[in-house]
Amino acid sequence: MAVKHELEDVEGVGPATAEKLREAGITSVEALAVTPTRTLTEIAELTEEKASVITQNARALLNIRFTTAKDVLSKRANIGFVTTGTKAIDNLLGRGIETQAITELIGEYGSGKTQICHELCVTVQLPVEQGGLGARALFIDTEGTFRPERIMNIAKNFGLDPDTILGNIIYARAYNSDHQMLLADEAANLVVPNNVRLLVVDSVITHLRSEYPGREALAPRQQKLNKHLHQLLRMSDIYNMAVVVTNQIQSTPDTFFGNPNKPAGGNILAHGTTYRIWLRKSKESRRIARIIDSPMHPESECLFAITTDGIIDVEETK
Ligand code: ATP
Ligand code: MG
């Protein structure tokens with residue numbers, strides 16, 4: 001049986017430090033163990049030395065050092081899945097969107113990124129037998145495109161009570177990239193008390209792209225993006241939750257060969273996310289989803305459609 005530790009159980013963490021950590025959103029030994037020293041010095045105002053000592057002690061307390069492949073496998077056995085509402089995209093991913101991972105939806109405008117995010121906010125609430133996790137969703141909206149009306153349509157399609165479903169989606173509008181990161185930090189405190197198992201950030205890149213334009217700003221932008229993604233990845237891991245972020249396409253006119261369009265965010269996003277799904281428009285309501293860069297799935301694609309009822313398999317549209 002795992003013993004539940006409090007922050008004060010970590011050697012070097014007295015009541016004052018514990019208080020600072022809690023105020024900074026680090027409320028558990030697990031969170032402390034995986035927070036980078038630099039972040040601790042910034043958010044909890046600790047000296048670098050102190051931060052380094054207490055993270056090491058937190059890791060020692062939890063026995064986080066090397067582990068065996070068997071332990072990795074048993075942790076992976078706890079992975080949960082959230083259905084996308086379509087068999088096609090679920091199969092593409094294996095069993096749907098995974099917890100303990102960041103899934104990135106990439107695509108041009110109108111390709112269906114936000115629609116899939118809406119769908120997942122409903123399906124995560126379904127019981128496990130129906131492809132959900134019987135849990136709540138948290139939606140960080142950077143573009144102001146979240147629509148409760150869409151949620152209500154999707155809920156009705158599943159025969160669920162729209163009011164209840166809406167009440168189980170925690171929503172925040174992020175007005176700039178600092179605010180977005182702050183909200184992600186605050187989200188960590190809402191996860192356990194509210195049984196949140198899905199965190200959506202739609203989109204992860206918009207504010208960063210507009211606040212840090214041009215090549216000169218690329219380095220600080222990427223640094224910030226890296227920090228944000230690690231923050232999200234840590235949450236997905238600690239709380240066994242699914243994190244879904246959306247990303248845009250940027251065109252690179254200087255490309256001579258191959259596709260001149262590529263996902264924004266460069267290598268940081270490519271390496272920071274676990275699964276990447278590239279969405280393209282097809283005829284009318286039809287869309288194509290392609291899985292790229294997955295650690296365990298072959299590159300393949302499928303069709304789906306966007307309807308008033310949400311995301312559906314294409315056979316159903318005939
Ligand atoms: P952006 O980059 O602009 O955020 P996106 O990929 O998030 O784009 P979505 O908002 O997911 O795009 O998809 C928009 C598309 O969804 C619309 O073009 C429309 O075809 C479809 N759509 C939206 N609402 C409905 C609805 N109520 N019924 C049917 N289709 C809809
Ligand atoms: Mg959108």
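Structural remarks
- The set of residues from segment 187-217 being among the polar types (S, T, N, Q) and under 19 Å from Glu98 (Cβ atoms) comprises just one member, Asn195.
- Test result for Gly272, in contact with a helix residue (DSSP H, G or I) (Cβ under 8 Å, 6 or more places away or on another chain), surrounded by fewer than 17 Cβ atoms within 10 Å (Cβ to Cβ) and within 23 Å of Met181 (Cα to Cα): no
- Among the residues listed as Ala18, Ala77, Ala44, the single one being under 30 Å from Leu120 (Cα atoms) and of a type outside the set (Val, Ile, Thr): Ala77
- Being at pLDDT below 95 and either within 16 Å of ligand 2 (Cβ to nearest atom) or closer than 22 Å to Gly112 by Cα (or both) is a description that does not apply to Arg173.
- Hey, Ala264 of a type in the set (A, V, I, L, M) and more than 16 Å from ligand 1 (Cβ to nearest atom) or not: no
- Exactly one residue out of Ile102, Ile89, Ile97 is among the β-branched types (Val, Ile, Thr), modelled with pLDDT of 95 or more and either within 16 Å of ligand 2 (Cβ to nearest atom) or in contact with a Cys (Cβ under 8 Å, 6 or more places away or on another chain) (or both): that is Ile89.
- Identity of the residue in segment 90-118, at positive phi and away from ligand 1 (no atom under 16 Å from the Cβ), that ends up farthest from the chain's Cα centre (by Cα): Gly94
- Among (1) in contact (Cβ under 8 Å) with a residue 60 or more places away in the chain; (2) in contact with a strand residue (DSSP E or B) (Cβ under 8 Å, 6 or more places away or on another chain), the one test that Gly96 misses: (1)
Here is a yes/no grid of residues against (1) farther than 21 Å from Ile26 by Cα; (2) crowded, with 18+ Cβ neighbours inside 10 Å; (3) modelled with pLDDT of 95 or more:
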residue	(1), (2), (3)
Ile151	yes, yes, yes
Asp163	yes, no, yes
Ile169	yes, yes, yes
Glu186	no, no, no
Arg197	no, yes, yes
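- Within segment 259-293, the set of residues being without any contact (Cβ under 8 Å) to a residue 60 or more places away in the chain, closer than 21 Å to Ile89 by Cα and not in a strand (DSSP E or B) comprises Ala270, Ser282, Lys283, Glu284, Ser285, Asp293.
- Residue list for segment 178-230, filter: touching a residue at least 60 places away in the same chain (Cβ under 8 Å), under 16 Å from the mean Cα position of the chain (by Cα) and assigned to a helix (DSSP H, G or I): Asp185, Glu186, Ala188, Asn189, Thr206, Lys227, Leu229, His230
- Looking only at segment 133-149, and only at residues there that are within 15 Å of ligand 2 (Cβ to nearest atom) and in a strand (DSSP E or B), the one that is farthest from Gln248 (Cα to Cα): Phe139
The values are calculated or read from the model by the stated rules, or taken from the named source; none is laboratory data. Worth saying up front: this structure is predicted, and the values here are computed from it rather than measured. In this analysis, Cβ positions are derived from the backbone assuming ideal geometry, glycine residues included, and neighbour counts consider all displayed protein chains.
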